[in-house]
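FYI, it's all coordinate maths here, none of it is from the lab. Everything numeric here is computed off the predicted structure, so don't read it as measured data. All Cβ positions, glycine included, derive from the backbone under ideal geometry; neighbour counts span all protein chains shown.
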Amino acid sequence: MADLPLTRDFEPDYGHMVEVSPLVRRVVAQNPSAFTFKGTGTYVIGRGKVAVIDPGPLDDAHVQAILDGLPGETITHILITHTHNDHSPAAAPLKEKTGAPTYGFGPHGSGQPAPEGAKMDEGGDMAFVPDHVIADGDVIEGDGWTVDCVFTPGHTSNHMCFGLREEKALFTGDHVMGWSTAVIAPPDGDMRAYMASLRKLLERDDAVYYPTHGAPVEKPQSLVRGYITHRKAREAQILKRLEEGDRTITAMVPVMYAETDKRLYPAAARSVFAHMKQMAEEGRVLTNGTPEISGEYWLP
């Protein structure tokens, strides 16, 4: 990923609320993995009457850490970027303990024409239904803070970023992360939507990104441009493999991801499929019938 200005320099203080900026605090769940990096970072915006962004996995210790980190303060809003199991499940117990309503684009898969397809996504939180459905351009106001809703489908069809006006900060969920690229896995993930959402962020003037995993992104425009360049390079790799005679994603992945841990090959295959599906829909590659991860592909 030489084209991406990534950093893995992030050591969380698990279970403790950490000051990030005058209006932002963070507590990280102890759920590190190949997909969550060092864990889910739950953000708190405001002072006194606050909003919690992405309360995290269903983990009693993490929910308690959020509450313990806010003595004497009141949680008035729970904001959800998207409904993967490391982001939204803790909203239910946090709401039960505080009475704070939840805000999100909608249930898992709600951003695509056929929501039932998203139920194939094993990492989806199928239980979450927001108390308040939000859309692109909506404004959520609290005590001393103002948040703009920025709809960014692609990683999931219901992915929403949140822009904190007072600090020109954008909470990017899994849409843009400083430590890695985002996984785009159909059926709920969509590469065409994802690329459009990246270009959408280039039109903004955010000073910093706060992804749910990893450290803050201090040069957001540079990273987004790098993301776009990286995805275009992946497309070029796929076309090259097709030119070389590969017809299946299974054959392409070991070549394209030769330096990647083989345990991540299934995720890599889904990412390649997301690119392939987009190119097939645009007529740049051919396949028999509906694009499938196990299908055969060739150049026109």
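With each run of n ≥ 4 DSSP H residues scored as -39500 (n - 2.57), what mean residue ellipticity at 222 nm is computed for the chain after dividing by its residue count and rounding to the nearest 500 deg cm²/dmol?
That calculation yields -8000 deg cm²/dmol at 222 nm.
Cα-based Rg (one decimal) and Dmax (whole number) for the stretch 205-250, in Å?
Just the Cα atoms of the stretch 205-250 yield Rg and Dmax of 15.8, 45 Å.
Over all pairs of distinct alpha carbons, what does the Kirkwood formula give as the hydrodynamic radius of the stretch 1-129, in Å?
When all Cα pairs of the stretch 1-129 are included, the Kirkwood radius is 15.4 Å.
Just tell me, in residue order, which DSSP H segments of the chain are both 18 angstrom or longer along the helix axis (alpha-carbon based) and at least -1.0 in mean Kyte-Doolittle hydropathy.
220-243, 265-281
When the Debye formula is applied to the Cα atoms of the stretch 217-281, each taken as the same point scatterer, what base-10 log of I(q)/I(0) results at q = 0.14, 0.17 Å⁻¹?
These q points yield log10 I(q)/I(0) values of -0.45, -0.64.
Using DSSP to define loop residues, name the GluC sites (Glu not before Pro) in the stretch 13-122 whose beta-carbon has at most 15 other beta-carbon atoms within 10 Å.
73, 122
In debye, nearest 20, what is the charge dipole magnitude of the stretch 82-219 about its Cα centre with +1 on Lys and Arg Cβ and -1 on Asp and Glu Cβ, if you could check?
The calculated dipole for the stretch 82-219 is roughly 220 debye.
Where the centroid of each part is defined by its Cα atoms, how far is the stretch 1-64 from the stretch 196-232 in Å?
So the two Cα centres are separated by 18 Å.
In nm², what is the average projected area of the convex hull enclosing the Cα atoms of the chain?
14.6 nm²
Once fully extended, how much extra length lies between residue 23 and residue 228, figured as 0.36 nm per residue of separation less the alpha-carbon to alpha-carbon distance?
Length gained between residue 23 and residue 228: 70.8 nm.
Here is the link list: 38/95; 95/168; 95/277; 38/200; 168/232. Which ones come out longer than 31 Å on Cα distance?
In this structure, 95/277 lie more than 31 Å apart at Cα.
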